[in-house]
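Step one of this worksheet: look at the structure below.
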Amino acid sequence: MDVIILFFAALAGGLLSLAGGLLLLHKRIKRETIMLLAMPFGAGALLGAAFFDVLPEAMHEAGDNHAILQWALVGFVFFFLMERTVRWFHRHHEHAEENSHKSLIVLGDTIHNAIDGVAIGAAFLIDVPLGVATTVAVAAHEIPQEIGDFGLLLSKGMPARKVLLVNLASSLATVVTAFAAYFLGGSIELVVPYLLAIVAGCFIYIAASDIIPDIHEQPQRKADIQSGLLVVGIAVVPLTGLLVESLTGVGH
């Protein structure tokens, strides 16, 4: 019975996180509006997730802040080198830069979803109520970030249907790793903090190398609006976490 509950909880956690992103697929929302609003919000959500959630959780689990920061740097450099490799393979393609960043966004989101699954599976190892509460927390936390991911991919020119399918497939990583963590048990705990650190490095790289520089290239009025949305995106992550903690009593 616990395994059945785990399956539906992990599946719900992954799919509910798509709810916010689906709002961006509404036909009445213009692509220009998405480009103006979603990109800086997405950058803020990535930075907020990295500094308010992922890195602190990694430090708490590892008990070694110095090592976690080193692994975050490894993640940052790794995704930089991976992007350079992707660009090299696409050097004759007109949209090489766009393709490389789309790949990074999808990969980073998949890794993040996978680690969410680890958290859910580990919580179910303790008891079902904690597992369910953790699933609720994960889903609520992921909604603003999925809005950002949807917006970023749409603004990079990916068709709406493909964005939905890619994010749906990415969300299923939550189910796979939830089961892996549940059945592997305590042996997975030693790896999780360092995976979290690498994911944080990925998020910081995407926001700092692509999205924030784009804001500087906009006209003053648009840049001001986007700067405000960047701050809003950063703030949404910890505020969502506080709301979930107050409603469920589950915190880091």
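Couple of notes before you dig in:
- Out of Asp109, Asp116, sole residue that is modelled with pLDDT of 70 or more, of a type in the set (Asp, Glu) and either out of contact with any His (no Cβ under 9 Å at 6 or more places or on another chain) or surrounded by fewer than 20 Cβ atoms within 10 Å (Cβ to Cβ) (or both): Asp109
- Boolean, Glu97 is touching a His at 6+ places or on another chain (Cβ under 9 Å), at pLDDT below 80 and either open to solvent by 90 Å² or more (accessible area, probe 1.4 Å) or more than 18 Å from Met158 (Cβ to Cβ) (or both): yes
- Residue in the range 232-244 that is in contact with a helix residue (DSSP H, G or I) (Cβ under 7 Å, 6 or more places away or on another chain), modelled with pLDDT of 85 or more and among the β-branched types (Val, Ile, Thr) present: yes
- Residue satisfying all of: in the range 1-52; at pLDDT 70 or above and open to solvent by 90 Å² or more (accessible area, probe 1.4 Å); nearest to Val199 (Cα to Cα) among these: Phe51
- Thr248 vs. criteria modelled with pLDDT of 75 or more and either closer than 16 Å to Val138 by Cα or among the polar types (S, T, N, Q) (or both): no
- The residues listed here are Leu184, Leu152, Leu195; of these, the one that is of a type in the set (A, V, I, L, M, F, W, C), at pLDDT below 80 and within 30 Å of Ile5 (Cβ to Cβ) is Leu195.
- Residue in the range 55-70 that is modelled with pLDDT under 90, part of a helix (DSSP H, G or I) and either within 27 Å of Asp214 (Cα to Cα) or of a type in the set (Ser, Thr, Tyr) (or both) present: yes
- Any pair with Cβ under 7 angstrom, 6 or more apart, that starts in the range 102-121 at a residue that is in contact (Cβ under 8 Å) with a residue 24 or more places away in the chain and within 13 Å of Ala178 (Cα to Cα) and ends at one that is surrounded by fewer than 24 Cβ atoms within 10 Å (Cβ to Cβ) and of a type in the set (Phe, Trp, Tyr): Gly121/Phe179; Gly121/Tyr182
The values are calculated or read from the model by the stated rules, or taken from the named source; none is laboratory data. No experiment lies behind these values; they were computed from the predicted model shown. Here Cβ is always computed from backbone atoms with ideal geometry, including for glycine, and neighbour counts include all displayed protein chains. To get the accessible areas, we keep the full protein, side chains included, count just its heavy atoms, and leave off ligands, DNA and RNA. Shrake-Rupley method; radii C 1.70, N 1.55, O 1.52, S 1.80 Å.
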